[in-house]
């Protein structure tokens, strides 16, 4: 079953075509890697898929619903969430608050109830507290719940961002270079975590990565883009031996 | 038609002064991202020094202008050093509050030193009225517009052609990169304050000559208008400030002439709001998208 | 509500009531004369204004320099309403009239906050700042030219309904509501926009909606403050609601610490009482005031409290703990 | 730890301020000093009005004290800045009453601040004599509030009568400061009276309180080509207007109101040959006037304006009332004030039932060669 599909999406900035007729189909519970040299247009694709940019052309469907011209938060509600290449946490808030903010849509009380602190407020806040703590515990971050995000170690910040993305209960999780800046040990741990959450939450994962080891190690399918176009697609083994890919990475 | 041309000249006259003052706002903003609320007071003190130079020391015109500009350049640098430099890495709003504090301080200092009574600025420029058909232009108006334009061109050359000018542009573009390039950032910022304050002082002198008065709160309204002009043109962009100054001056005069005098200020603000809604970074501002 | 929270509620309630009783006794025994009561009332109103501005400046993190405009709308709307209500001859108790007037003032200001906020919140930072100045100036010029509310000469004959007792409790209620707002899901959403707007969107927060909400709420409470002001002064002049008044409120908020409600409260008290204490310095007092501003900002740029709140419970606990520490040291010496 | 220090400090500050509140109780007037309060703007845009009136008032106090005070008791004028702000004015008034224990108040200087304080003043039954607040409502329903100046409409009417009758003007243009109740009030009265006399209003232009550029308005007025231009505002606004009008070659006569007083000093050339209504004439042979002008010049090294003259008269009238009352009791002073008959710089001050000056003469002044010349007097009936 297709969860997320993009058909011929194109993004032009002025005269520059950053992404040219890109196609994508993600099935349920898949783990797909999106790779390509610097400036190939990977992040632009992400931005289109998550509503940050509106594609110049093309169609994107999430769970059989078009998400073209939908705002990022609407797309989150429809079931796709993401992380950022350069970590974007709410730095002056605690880890727990970071997660609670993304849990927003599942807390059910209105502003008046919140300001006057009715019973509903206390009940819902208690539920949110428990659920978000559970999520942090999955990432072994329970002990950091009350630490300000900016004071967390780098690896924990990356993990917190993934936890936050999961808090909105997505069908598709998009990770933008989750291993950037990590050492091999941390990367290995991250690989395990990604695998684990894919199975635990039964979701589709799309990830952009530079670290070939990580991509080759966990992805079932890999898409390679260069100059905004797909140049290859296939299993890790197929990609490894694809001459176009080698050329793109190493030059002629 | 003649009436219209006459009003056009009125507008140019006000606009050129706003433009001069707006440059100071925009230069400081460009380089340290601070709205220097005290700029209106710099202008006011500039006018007072010119007043003193002209009445107590009877200096010739060029010396009146020059002394006021030099003194205010020094004071501008001093203000930056004492009040703004310690806050360079503080949250921007704190620096803004400091600027408001400096503005209040200077205003009340002037009130104590010079008393609230408006002083009448002597006519430091020779007074004649030129007739162009039905239109009358006083020499003061011509000199005001001429001097403003002269200094704007001079500033433009300075910024584009000299080493210090290039350093200013570099620092306002990217402070960290400028440091790496071996630019003395502190000195460049001081220089910016000096130039901005000197032009502000000139604006103050011209303003006080045109409206013949010098008083402690004289900087508030033109300061606010010039600030609006700077934002309208795209704050941080020097040609933008000039353009904004002329637009505000013109709009203000034309509104008073043809629409409503009571609503003139409201209309100026309304135009600013409308422009910003369509062009959120001002007329000459570049729309920068935050990188995701 | 768990045990700790109950304790916090209890302590804070006791403190609020105790403070009120202190004032009550001082006023009843005339130890505190009308001069001080007047300052206390004005301080409470400024606290409300600062706290409401904190919703936009502190929680949402936007530079709003036109708060006086919303206060003016609230003041004029509530005054017109209460004057009409009293003229209609309905035998309502004064407190009821005041409450209704506050609600009217708040709602009208809130509606304007919504109308102004919707288009302008696309702008950011300094640009938003100047647009808010623009709107509040337009509002002021409107009232100068608007005949039915007295124009430039001002609106006269508003019944004085505000006294220290009602303004104190209104302030407490508003403080409570804004404090709880900051800790509700709506408040968290607003704060997340301050922290990182793009990340907030990506976390599923409808940022535009919450920005407008924050703006409208701030305007609502500003309107309530304006209503109190109108019914304390009994006379309204458009010139009061100028640019400098907005700046004054903004200064209070930044000085107290952006996002800190207790900071706003302390700062509003200091900055309202300070100029009064300096009154005998005549023309030097604004000089001193501005120097204090500059010096405080240089030495404490994040404001008195930064983003944290002063917690009475934590404070009491820290006092008790210190006592315990002292005891143990003392015990050590004895042995 | 640091945080705790800060919080302890804050709590200390907070409690201290509460104690400060409680601690300062009324100091009251000491036995040998009679305290009068004064309220007016001394900082901000309107600073000049408050400080001028205060200077006049202080001068009167100094003279009275030198002459032996009230029954041997010295007078002290406690002056507070209102910043032209209603809240400040109320605080200042409360402080005068509670902290300083003044027996009467000279003020407020501006109409707005006086109206803001009026309610409380009435409640307290405080004897109040405003030197310069001209708005009609200031004395309405306030048996304890009096004023020394004539009202806006009284003056506007006088100016219109003068323009139409003496100057024989058929058309008039108005230049009004919007946002300035004084300018608006006088203009309204002028308009009505001038039309009633058969004149035509060629048009009216206006400017905001902070405006300094009048070229657009004056360009239009020049086009209207009226016989007189009526500009009721204060010197610092009128001066530049006259100057600009002269530069632009407008030949119409300019007529103004008491706010013009002092225009001959700095703007003699521009004001040459124009007229305004005033409270007194500086070249009046009256000894009171001449003494006042000499003393003021000596004390402050400048020429007094009408604010100063009214402040001066207000103190004298108030002191006379206190002396007549023989006590500092509010009710007694108010009763005595009602019977005031004081020959001051600005003419004879008597009050009508409302507390406004009765049948006060309006003096028409002509500016001639840098001097204020007495032209005529007008009494509106």
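Evaluated at 20 °C with a viscosity of 1.002 mPa s, what Stokes-Einstein diffusion coefficient in µm²/s does region D:79-119 have when Rh comes from the Kirkwood expression over alpha-carbon pairs? Each step should come with its number before you reach the end.
On the way: Rh = 10.0 Å.
Approximately 215 µm²/s, per Stokes-Einstein.
Annotation for residue D:338 and residue A:195: the two label points, set 7 Å from Cα along the Cα-Cβ direction, are 10.1 nm apart. For q values of 0.12, 0.15 Å⁻¹, compute log₁₀ I(q)/I(0) with the Debye formula on a Cα-only model of chain C, without solvent. For chain C, the Cα-only Debye profile gives -0.89, -1.34. Helix C:285-299 and the long axis of chain C differ in direction by around 50°, with both axes built from C-alpha atoms. Relative to the longest principal axis of the Cα atoms of chain D, the long axis of helix D:111-124 makes an angle of roughly 40 degrees. For chain D, the longest principal axis of the Cα atoms and the long axis of helix D:287-300 meet at an angle of about 70 degrees.
Comparing B:65, B:157, B:106 in a Gaussian network model of chain B where C-alpha atoms under 10 Å apart are linked, the largest mean-square fluctuation is found at B:157. Model label points for residue A:17 and residue C:288, set 7 angstrom from Cα along the Cα-to-Cβ axis, are 7.3 nm apart. Mean residue ellipticity, 222 nm, helices only, the protein assembly as shown: the sum of -39500 (n - 2.57) across DSSP H runs of n ≥ 4, divided by residue count and rounded to 500, is -18500 deg cm²/dmol. Counting only DSSP beta bridges with both residues in chain D, the antiparallel share comes to about 35 percent. Computed from label points 7 Å out along Cα-Cβ, the spacing between residue A:5 and residue A:229 is 2.3 nm.
For chain A, what proportion of DSSP beta bridges, expressed in % and rounded to the nearest 5, is antiparallel? Provide the component values of the computation, followed by the final result.
Working: 21 of 37 bridges.
So the antiparallel bridges amount to about 55 percent of the total.
Which of rounded, prolate or oblate describes region B:91-148 when judged by the alpha-carbon gyration tensor and an a/c cut-off of 1.5? Oblate, since a/c reaches 1.5 and b/c is not below a/b.
Could you tell me whether the protein assembly as shown comes out rounded, prolate or oblate from its Cα gyration tensor? Rule is a ≥ b ≥ c as square roots of the eigenvalues, rounded for a/c under 1.5, then prolate if a/b exceeds b/c, otherwise oblate.
Prolate is the answer for the protein assembly as shown, as a/c is 1.5 or above and a/b outweighs b/c.
Radius of gyration over Kirkwood radius for chain A, both on Cα atoms: the Rg/Rh ratio is 0.99.
The largest-to-smallest principal axis extents of the Cα set in region A:66-211 are 50, 40, 27 Å.
Let's test the formula: R0 of 60 Å, r as the Cβ-Cβ distance of residue D:283 and residue C:88. What FRET efficiency results, to the nearest 0.05?
Details: r = 57 Å, r/R0 = 0.96.
Once the sixth-power term is evaluated, E becomes 0.55.
Within the listed set C:118, C:171, C:43, the Gaussian network model of chain C (springs between alpha-carbon atoms below 10 Å) gives the highest mean-square fluctuation for C:118.
For A:115, C:46, C:71, A:1, what ranking results if the residue with the fewest other Cβ atoms within 10 Å of its Cβ goes first?
Details: A:115 21, C:46 25, C:71 35, A:1 7.
Starting with the residue having the fewest Cβ neighbours, the order is A:1, A:115, C:46, C:71.
Kindly identify region B:142-292 as rounded, prolate or oblate by the Cα gyration tensor criterion: order the square roots of the eigenvalues as a ≥ b ≥ c, call it rounded if a/c is under 1.5, otherwise compare a/b with b/c, prolate if a/b is larger, else oblate. Oblate is the answer for region B:142-292, as a/c is 1.5 or above yet b/c matches or exceeds a/b.
Eigenvalues of the Cα gyration tensor times 5, then square-rooted: what semi-axes does that give for region B:2-219, in whole angstrom, largest first?
Working: eigenvalues 198, 90, 45 Å².
With the √(5λ) rule applied to region B:2-219, the semi-axes are 31, 21, 15 Å.
A Gaussian network model of chain D, with springs between Cα atoms under 10 Å, assigns the largest mean-square fluctuation among D:60, D:84, D:210 to D:210.
Readers should treat all values here as calculations from the given coordinates under stated rules, not as data from a laboratory. Everything numeric in this text was worked out from a predicted model, so none of it was measured. A quick note on method: Cβ atoms are made from the backbone with ideal geometry, for glycine too, and the neighbour counts reach across all protein chains shown.
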